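The values are calculated or read from the model by the stated rules, or taken from the named source; none is laboratory data. All of these numbers come straight from a predicted model, not from anything done at the bench. In this analysis, Cβ positions are derived from the backbone assuming ideal geometry, glycine residues included, and neighbour counts consider all displayed protein chains. The area values use the complete protein model at the heavy-atom level, side chains included, leaving out ligands, DNA and RNA. Shrake-Rupley method; radii C 1.70, N 1.55, O 1.52, S 1.80 Å.
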Amino acid sequence: MSQKIANYLEQHLLGEVVTSKDALDFFSTDGSVFTIDPKIVVYPRNTGDVRKVARFTWQLAEKGHSLGITARGKGTDQAGAAIGDGVIVVFPAHMHKVLEIDRESITVQPGIIYSKVEQTLHTHGRFLPPYPSSAEFSTIGRAVANNAAGEKTLKYGQTDEYVQELGVVLANGEYIETKKLNKRQLKKKLGLTNMEGEIYRQIDTLIEENQDIIESSKKGVSKNSAGYALSKVKTKNNFDLTPLFVGSQGTLGIVTQVKLKTAPYNPQTSLLAGFFDNIDKAADAVDEMQKLGPSCMEMVDDHLLDFVSKHNPSQLKGIIEKPYPKIAVLIEFDDMNDRTQKSKARRAKKILAEMAYEYRLTRDTHEQQSLWKLRHSAAAV
């Protein structure tokens, strides 16, 4: 059955369809501890290929045959979201391009590596702030699917605050574009007779009938990566399905295009590293420095440093020596105003001088990259 399906898809897709044992074994794992054997691997060349796969599996389902679709980037997900027992749709092979870039936004395909997007944006004096620690080897599609956050999230927020529009393939193969709609545009969507129209009608009704429950579901937490954000879909003047998809890990549709807003990039930052032998002192220092408005504040404990040292000792060579501190804290300031940035760094330095047994302050890019290995090494082990 699987080979018959693969043969059919191969005849109708521009991209490659693979069923070899080596390929299936490779895509049976991701960054998690789980293993699930897929039946078919597809490397789509465009949105049309993804639509054809979805339409075909939809037709199979109508006949009583279930064949799931799992979208995959580089397979870095640590919860099993990049594996499945049906068709694995792998984006980095072909769908990895920058489609458009303007003064404040960039539109890309989901298979592009996050760091490649950052490199492109840096040449325009911009960047995408919520990059995860795995940015060097994970995709934008993964970041959207997981509502990724990273070291800059403290100041700038996480991925859902930067996704402006999405191109999404629905379960039946329909392609929709999600973005903010005014009341007139929403009315037009509600009148559609296809699956897109049905989705708009059902979501609109769901929100109207359950406003109290939706409102009470909001949690006062500093970070929430969950998708299905119904509370953000409908406002007084706008209706936007995008918050439903960001963080939903491909369960509501397959994202094939992403438009992201960007922020001004300052390559000249001030980075401090504080080393503590007491967790309470570290906590007090963090509380004080948070008042200064840092762009990043990351902590690494001795357990993680021991783990990295055991499995990849070269990652820490020349950066930190044993015995490791109980807590190492990295604090960065990236204010565009150089005077403001230096002032904040000096105040942070005074805090560390009082509470840490050792600290460093540097504005040298090479030294900063070296210190950041304390944090980034965790993603590379």
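Can you tell me, using C-alpha contacts under 8 Å and at least 6 residues apart, the relative contact order of the range 138-210 as a whole percent?
15
For THR123, THR362, what's the largest-to-smallest order of accessible area, 1.4 Å probe?
Details: THR123 110, THR362 10 Å².
The residues order as THR123, THR362, largest area first.
Classify the range 244-381 as rounded, prolate or oblate from the Cα gyration tensor: take a ≥ b ≥ c as the square roots of its eigenvalues, call it rounded if a/c is under 1.5, otherwise prolate when a/b beats b/c and oblate if not.
oblate
At q = 0.09, 0.13, 0.17, 0.21 Å⁻¹, what is the base-10 log of I(q)/I(0) for the range 187-309 according to the Debye formula with one equal point scatterer per Cα and no solvent? Please give it to two decimals.
-0.50, -0.83, -1.04, -1.28
Within a Cβ distance under 10 Å of VAL246, other residues only, what is the Lys/Arg minus Asp/Glu net charge?
Cβ neighbours under 10 Å give a net charge of -1.
Where a ≥ b ≥ c are the square roots of the eigenvalues of the C-alpha gyration tensor, would you call the range 218-275 rounded, which needs a/c under 1.5, or, failing that, prolate if a/b is larger than b/c, or oblate?
Prolate is the answer for the range 218-275, as a/c is 1.5 or above and a/b outweighs b/c.
May I ask for the distance between the Cα centers of the range 38-113 and the range 187-257, given as a whole number of Å?
21
Can you give the relative contact order of the chain as a percent, counting alpha carbon pairs under 8 Å and 6+ residues apart?
Result for the chain is 14 percent.
Could you state the accessible area per residue of the range 60-162 in Å², with a 1.4 Å probe and every protein chain left in place?
40
Compute the Rg/Rh shape ratio of the range 273-338: radius of gyration over Kirkwood radius, all on alpha-carbon atoms.
1.04
Only helices at least 15 Å long along their own axis, judged from Cα atoms, and with Kyte-Doolittle mean hydropathy of -0.5 or greater: name those in the chain from DSSP H.
Those that pass (Cα extent of 15 Å or more, hydropathy at least -0.5) are 47-62, 279-290.
Considering only protein heavy atoms, what per residue accessible area in square angstrom results for the range 197-260 with a 1.4 angstrom probe?
Accessible area per residue: 57 Å².
Distance in nm between label sites at ALA353 and ARG339, each 7 Å beyond Cα in the beta-carbon direction?
Using points 7 Å along Cα→Cβ, the separation is 2.2 nm.
Pairs of alpha-carbon atoms within less than 8 angstrom and 6+ residues apart define the contacts here; what relative contact order does the range 43-180 have, in percent?
Numbers: 235 pairs, mean separation 32.1, N = 138.
Over the range 43-180, the number comes to 23 percent.
Using a 1.4 Å probe over the heavy atoms of the protein chains, calculate the carbon and sulfur portion of the accessible area of the chain as a whole percent. Before the final figure, lay out each step's value.
Working: 9520 of 19460 Å².
So the carbon and sulfur contribution to the accessible surface is 49 percent.
Cα gyration tensor of the range 46-202, axes a ≥ b ≥ c as square roots of the eigenvalues: rounded (a/c below 1.5), prolate (a/b > b/c) or oblate?
Verdict is oblate for the range 46-202.
Give a residue-ordered list of calculated ³J(HN,Hα) values for the range 19-32 (Karplus: 6.51 cos²θ - 1.76 cosθ + 1.60, θ = phi - 60°; whole Hz; x for Gly, Pro).
Along the range 19-32, the couplings run 10, 5, 4, 4, 5, 5, 5, 4, 8, 7, 10, 9, x, 8 Hz.
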